[in-house]
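Right, one structure below, let's go through it.
The values are calculated or read from the model by the stated rules, or taken from the named source; none is laboratory data. The model shown is predicted, which means the values in this text are computed figures rather than measured ones. Cβ sites come from the backbone with ideal geometry, for glycine too, and all protein chains shown count toward neighbours. The accessibility values were calculated without ligands, DNA or RNA, using every heavy atom of the protein model including side chains. Shrake-Rupley method; radii C 1.70, N 1.55, O 1.52, S 1.80 Å.
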Amino acid sequence: ADKEDLPRVLLIGDSITRGYFSEVEKHLTGKAYCARLTTSKCVSDPYFPDEVQLLLKQYKFGVIHFNNGLHGWGYTEDQYRDGMLRLLDCFKAHASEANLIWATTTPTRNRDDLQQIGERTERVKVRNQIAAEIMRNIGVPTDDLYGLVEQHPDWHSSDGVHFNGKGKEAQGAAVAESVLECLGATSDSSE
């Protein structure tokens, strides 16, 4: 936390992010310092931006890779949209120099048959569409973790939500690659 010789990368998400964080950290060793904020609060929760703001006020991040979509099922899709916009306002106010990357929320699977997509996946798709439209409008790149894992039920753990070692490795490699591309663009543009 006290070193500044490498860029800092912040991963924001839930238990899925927590699952692949160590893989990302491994891929970015010697290239960036990694931090994470993982919570079960939905982006729609009125206190979610407060948690993010607390971290952003303490540290400067070169890249913020964020995802939020597997919690807060009691919130409407309009509330989800509003929450995503509030989060982006928080980034603008407290991390305006950070490069942002939004990651799609991953599908769920039926725990009794991992070959079957879980019932919440339809809402995940809607939330992904809402967020994708927002990100397109402001030019934030997308890390498509949904697409990465969609055809790999074998990467899910037995609960149908989380991922086994192979799934975590694949997501960690993809996230690290998107972060490195962003850091490369940052260093290229500053030359």
Restricted to segment 14-63 and to residues being over 21 Å from ASN99 (Cα atoms) and of a type in the set (D, E, K, R), the residue least open to solvent (accessible area, probe 1.4 Å) is ASP45
Quick test of your reading of the structure: MET84 fulfils all but one of (1) under 16 Å from the mean Cα position of the chain (by Cα); (2) buried (at least 19 other Cβ atoms within 10 Å of the Cβ); (3) more than 16 Å from SER40 (Cα to Cα). Name the failing condition by number. (3)
